[in-house]
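Colleague: Encoded as structure tokens, here's the structure I'll be asking about.
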Amino acid sequence: MFCGNVFTQRHLDSMLSKKSIVAHPERQRELMSSNAVMRGYMNYQKLQRIKNQTGKMDSLELIQLTRDFGVTNAEDKIFGLFALMNDADRDAIGPYSRATEQVYRRFAALQVRCGRTILMLDSAGLQRRHGQVKNLPSWVPDWTAQGKSPKIISTLRPTPYSASGTEQMRIQFVHDLTGSGGISVRCLIVDTIETVTHVHTAPLLPTGQPDFLVFHDKFRAAFDELVRQQKSAYRNNEDAFARVLLMDDMYTGRNAIMTSSPITDPAMTYRSALAAWRERRGEDGGGGKMTPVETYQVQARTAAIGRGFATTRAGYIGLIPPCARVGDFIVVVLGATVPYALRQTQASYILVGDAFIHGLMYGEALQRKLQPVDIVLV
């Protein structure tokens with residue numbers, strides 16, 4: 001963040017503490033001007049959180065908080081935090097080992113036994129695989145591949161989604177307590193992906209960020225085709241598309257932050273934000289409180305970049321994993337706050353990753369009277 005300079009902890013805290021940022025809101029806008037600097041600031045906040053809650057965090061929360069942190073050896077994503085874990089978790093993970101796949105499997109099995117499966121699945125799936133660790137089941141997170149993968153949807157806003165309503169999770173190991181045969185999860189198979197639109201590369205702007213218009217224009221073309229074919233499931237198409245780009249986070253109520261403004265009319269704000277994008281203005285803001293249009297731009301960039309756009313057979317739209325494809329299922333796992341994309345393989349399923357499907361985020365799937373089924377994730 002401050003290349004080549006050395007600071008005492010006290011001096012760093014005086015600049016970057018939450019109290020300091022509140023007193024100098026222009027600093028947060030400056031921090032948000034660069035992806036690299038913003039990541040550094042967020043990682044500083046994570047370290048402060050760990051420091052203040054030593055002994056209170058469970059092992060999964062520790063690992064997820066440090067998902068962007070680097071290690072020389074892949075197994076040290078786990079063992080590098082060993083001293084901060086409780087005795088029971090350390091015993092379950094076992095002694096230090098260079099067999100990364102086994103370490104990650106043991107860590108995942110521990111989370112299942114501790115009732116943290118749903119939180120763990122948010123960090124798992126094909127969308128978080130970069131090849132460094134081989135032969136991992138799709139339900140076991142690859143902790144070396146987190147930093148460059150899409151943001152976790154369930155934690156994107158302070159108020160959680162509630163895709164499965166108040167239903168409780170039903171999860172079991174298959175074969176043994178290590179999950180050698182996978183894990184069985186109870187879910188509702190809600191829909192199937194009918195079209196996908198992926199943007200794997202986009203030109204970089206002077207800020208170093210990908211050009212959002214490349215994502216928008218391709219996503220919009222796919223949505224307009226859905227509407228043209230009269231397959232849309234929504235009464236208000238413009239509102240639906242505007243909300244999808246935000247993942248329905250409009251910075252109101254508990255989701256508001258100090259430097260944002262509420263988005264009270266998503267469709268209207270979307271149109272203004274689109275005009276600002278096309279004129280190459282608005283995102284740097286110049287300090288101070290963001291307008292609703294600037295808030296929309298920042299949130300859409302956070303939510304949509306790095307994900308694909310999908311339409312489903314039932315006429316829904318959403319943001320999906322970058323490796324999702326036509327024919328993947330959209331399911332709601334009981335106990336989960338967001339839907340997932342799954343891929344069937346013979347009698348089992350592979351977890352592709354978490355998804356935002358507009359119209360399925362607040363328990364709507366439960367109203368369809370679908371029969372819950374137990375499927376095996378491998």
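Conditions tested, residue by residue: (1) within 19 Å of the chain's Cα centre (by Cα); (2) within 16 Å of ALA303 (Cβ to Cβ).
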site	(1), (2)
LEU319	yes, yes
VAL326	no, no
GLY335	yes, no
VAL338	yes, yes
HIS358	yes, yes
ALA365	no, no
VAL373	no, no
VAL378	no, no
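Colleague: While we're looking at this one, here's another question. Suppose we keep only residues that are under 20 Å from ALA124 (Cα atoms) and open to solvent by less than 10 Å² (accessible area, probe 1.4 Å) within segment 293-306. Which one would you say is farthest from the chain's Cα centre (by Cα)?
Modeller: The residue in question is ALA304.
Colleague: Cβ-Cβ below 7 Å, separation at least six or inter-chain, first residue in segment 144-170 and without any contact (Cβ under 8 Å) to a residue 24 or more places away in the chain, second of a type in the set (S, T, N, Q) and open to solvent by 20 Å² or more (accessible area, probe 1.4 Å): which pairs?
Modeller: ALA145/GLN132
Colleague: Only one residue in LEU370, LEU351, LEU366 is outside any loop (DSSP other than H, G, I, E, B), open to solvent by 10 Å² or more (accessible area, probe 1.4 Å), in contact with a strand residue (DSSP E or B) (Cβ under 8 Å, 6 or more places away or on another chain) and within 27 Å of ARG243 (Cβ to Cβ), so which one is that?
Modeller: On inspection, the qualifying residue turns out to be LEU366.
Colleague: Looking at segment 163-180, which of the residues that are of a type in the set (A, V, I, L, M, F, W, C) and assigned to a loop (DSSP other than H, G, I, E, B) is surrounded by the most Cβ atoms within 10 Å (Cβ to Cβ)?
Modeller: Looking at residues that are of a type in the set (A, V, I, L, M, F, W, C) and assigned to a loop (DSSP other than H, G, I, E, B), I get ALA163.
Colleague: Only one of these conditions is not met by LEU274: (1) outside any helix (DSSP H, G or I); (2) modelled with pLDDT of 95 or more. Which number is it?
Modeller: Condition not satisfied by LEU274: (1).
Colleague: Check LEU65, LEU126, LEU121, LEU110 and return the single one that is buried (at least 16 other Cβ atoms within 10 Å of the Cβ), modelled with pLDDT of 95 or more and either among the charged types (D, E, K, R) or closer than 17 Å to THR155 by Cα (or both).
Modeller: Going through LEU65, LEU126, LEU121, LEU110 in turn, the sole match is LEU121.
Colleague: Another question, then. Tell me the residue from ASP224, ASP191, ASP211, ASP249 that is surrounded by fewer than 16 Cβ atoms within 10 Å (Cβ to Cβ) and charged (D, E, K, R), please.
Modeller: The unique qualifying residue is ASP224.
Colleague: OK, next. State which residue pairs qualify: first residue open to solvent by less than 40 Å² (accessible area, probe 1.4 Å) and inside segment 70-86, second residue assigned to a loop (DSSP other than H, G, I, E, B) and polar (S, T, N, Q) in any location, beta carbons under 8 Å apart, and separation of 6 or more residues or different chains.
Modeller: ALA74/GLN132; ALA74/THR144; GLU75/SER97; LYS77/THR66; LYS77/THR144; LEU81/THR66
Colleague: Please specify each residue of segment 181-224 satisfying the condition of being assigned to a helix (DSSP H, G or I) and touching a residue at least 60 places away in the same chain (Cβ under 8 Å).
Modeller: Passing the criteria: PHE212, LEU213, PHE215, HIS216, LYS218, PHE219, ALA222, PHE223.
Colleague: Determine whether ASP239 is open to solvent by 50 Å² or more (accessible area, probe 1.4 Å), among the charged types (D, E, K, R) and part of a helix (DSSP H, G or I).
Modeller: no
Colleague: Something else now. Name the residue that is nearest to LYS231 (Cα to Cα), counting only residues in segment 305-350 that are hydrophobic (A, V, I, L, M, F, W, C) and at pLDDT below 95.
Modeller: Per the stated criteria, the residue is ILE305.
Colleague: So, of the residues in segment 1-37 that are modelled with pLDDT of 80 or more and part of a loop (DSSP other than H, G, I, E, B), which turns out to be most open to solvent (accessible area, probe 1.4 Å)?
Modeller: So the residue we want is VAL6.
The values are calculated or read from the model by the stated rules, or taken from the named source; none is laboratory data. Because the structure is a prediction, the values reported are computed rather than measured. Positions of Cβ are generated from backbone atoms using ideal geometry, with glycine treated the same way; all protein chains shown enter the neighbour counts. Only protein heavy atoms, including side chains, enter the accessible area calculation; ligands, DNA and RNA are left aside. Shrake-Rupley method; radii C 1.70, N 1.55, O 1.52, S 1.80 Å.
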